[in-house]
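Beneath this line is the structure, given in structure tokens, with notes to follow.
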Amino acid sequence: MNYHQFIEDQIAAIRKEVGSAIAINALSGGVDSSVVTVLAHRALGAQLKTVFVDNALMREGEPQRIVKIFAELGIPIDLWDARQAFLGALRGLTDPEQKRQAITDTFYRDVFGAAVRKSGAKFLFHGTILTDIEETVAGIKRQHNILSQLGIDTEDAYGYRVIEPLQTLRKDGVREVARLLGLPDEIARRIPFPGPALATRIVGEVTEARLATVRAATAIVEEELAGTGAFQYLAVLLNDCATGIRNGRREFGQIIVVRCIDSQDARQATVRELPWETLHRVTRRITEIPGVNRCLYDLTPKPPATVEYI
Ligand code: XMP
């Protein structure tokens, strides 16, 4: 595919479809929503309103970092602090599906839904890519950003039309377009990060304290394993504790699992054979996090395991 031509064609198509109306989109900082943001901004300028929802589940400094990257590209982002809404919706939940549902509902019904209604937007951009459509239609995955493919008429149901400029591209194509649009490598080559964010890496209840723990572990894992070139690497907080010793005293501490996988498209994955030296270094740093006294390396491929823990 000629990606230069793709960009020109999409910008022209967006202008034609939106006309002089207002459009809105949610930016997560992932490569798909980032590319959509730049494309739609180039096509529409100030007619586009882009919202970044801080759901309390992001990585260290992530909301501010993403807003800054886009500011440098001349694209204003509206940062919405919805932390309490998400933390409140997650309080007391331990079942994985209930946690996922609470996050989806809070996002679409309460937070972003309200932003769309308030903006008066008639068009909403989604970063749906070809793989999302294929997996949803095949029943492998329920992607929340697929509506029309499931026969849901958003204009009828919600009063806005959804535009999906990336629906002919796969991930490698999106990364190429990201590069051509001038997005930095930290976005264009970003490793996958799930929509429900760090909540997928906390087994049991999501609380601010437990988020702080998994956030600290995530920062260490991402820093130590960035050079591996692996498909994805992550840290998970288990819902169990184990006895350990800290400063000469027994401590019933928390357990972090580290995962580092190779994969093409996350449908299957193998575990990276990391050097012992790297594993020891990661373990040493992770057990310096207050309250964490064990670090485990997950050797399970997908299947039977999934990548995330909820
Ligand atoms: P699993 O855990 O299903 O993950 O083996 C496969 C890939 O998908 C990512 N993932 C998600 N991405 N929303 C997303 O946008 C989600 O709810 C979600 N759950 C998992 C995961 O990080 C991995 O790359």
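The values are calculated or read from the model by the stated rules, or taken from the named source; none is laboratory data. What you are looking at is a predicted structure, and each value in this text was computed from that prediction instead of being measured. FYI the Cβ positions are ideal-geometry reconstructions off the backbone, even for glycines, and counts take in every protein chain you see. All accessible areas refer to the heavy atoms of the entire protein, side chains included, with ligands and DNA or RNA removed. Shrake-Rupley method; radii C 1.70, N 1.55, O 1.52, S 1.80 Å.
Miscellaneous remarks
- Members of the stretch 184-201 that are more than 16 Å from the ligand (Cβ to nearest atom) and open to solvent by 10 Å² or more (accessible area, probe 1.4 Å): PRO184, ASP185, GLU186
This table checks each residue for (1) open to solvent by less than 40 Å² (accessible area, probe 1.4 Å); (2) at pLDDT 95 or above; (3) closer than 28 Å to TYR108 by Cβ.
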position: VAL206; (1), (2), (3): yes, yes, yes
position: ARG210; (1), (2), (3): yes, yes, yes
position: GLN232; (1), (2), (3): yes, yes, yes
position: GLN254; (1), (2), (3): no, yes, no
position: ARG259; (1), (2), (3): yes, yes, no
position: GLN264; (1), (2), (3): no, no, no
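- Neighbours by Cβ (under 9 Å, 6+ apart or cross-chain): first from the stretch 1-22, under 19 Å from ALA46 (Cβ atoms); second hydroxyl-bearing (Ser, Thr, Tyr): ILE22/SER119
- For the stretch 266-281, a residue qualifies if it is of a type in the set (A, V, I, L, M, F, W, C) and open to solvent by 40 Å² or more (accessible area, probe 1.4 Å), and exactly one does: TRP276.
- Taking the stretch 72-102 as the range and being over 23 Å from LYS118 (Cα atoms) and either surrounded by fewer than 14 Cβ atoms within 10 Å (Cβ to Cβ) or polar (S, T, N, Q) (or both) as the test, the residues that pass are GLU72, GLY74, ARG91, GLY92, THR94, ASP95, GLU97, GLN98, GLN101.
- Within the stretch 35-85, the residues that satisfy the criterion of being under 15 Å from the mean Cα position of the chain (by Cα) and among the charged types (D, E, K, R) are ASP54, ARG59, GLU60, GLU62, ARG65.
- Subset of the stretch 24-36 that is open to solvent by 10 Å² or more (accessible area, probe 1.4 Å) and assigned to a loop (DSSP other than H, G, I, E, B) - its residue that is farthest from ILE7 (Cα to Cα): SER28
- Pairs meeting the criteria (first residue in the stretch 266-279 and closer than 15 Å to ALA226 by Cα, second residue assigned to a loop (DSSP other than H, G, I, E, B), beta carbons under 7 Å, at least 6 apart or on different chains) are ARG272/ALA230.
- Among the residues of the stretch 256-276, those identified as within 11 Å of the ligand (Cβ to nearest atom) and outside any loop (DSSP other than H, G, I, E, B) are ARG259, ILE261, ALA269.
- Of all the numbered requirements in (1) touching a residue at least 40 places away in the same chain (Cβ under 8 Å); (2) open to solvent by 50 Å² or more (accessible area, probe 1.4 Å), ALA226 misses one, and that requirement is (1).
- Out of ALA21, ALA40, one residue alone is more than 16 Å from the ligand (Cβ to nearest atom), surrounded by fewer than 22 Cβ atoms within 10 Å (Cβ to Cβ) and at pLDDT 95 or above. It is ALA21.
- Any hit, the stretch 105-126, residues being modelled with pLDDT of 95 or more, over 14 Å from GLY195 (Cβ atoms), part of a helix (DSSP H, G or I) and away from the ligand (no atom under 16 Å from the Cβ): no
- When residues in the stretch 57-71 are screened for being touching a residue at least 60 places away in the same chain (Cβ under 8 Å) and open to solvent by 10 Å² or more (accessible area, probe 1.4 Å), 3 of them pass.
- Just one of the numbered conditions (1) in the same structural domain as THR104 (by TED's automatic domain parsing); (2) loosely packed, with under 14 Cβ neighbours inside 10 Å; (3) hydroxyl-bearing (Ser, Thr, Tyr) is not true of THR243: (1).
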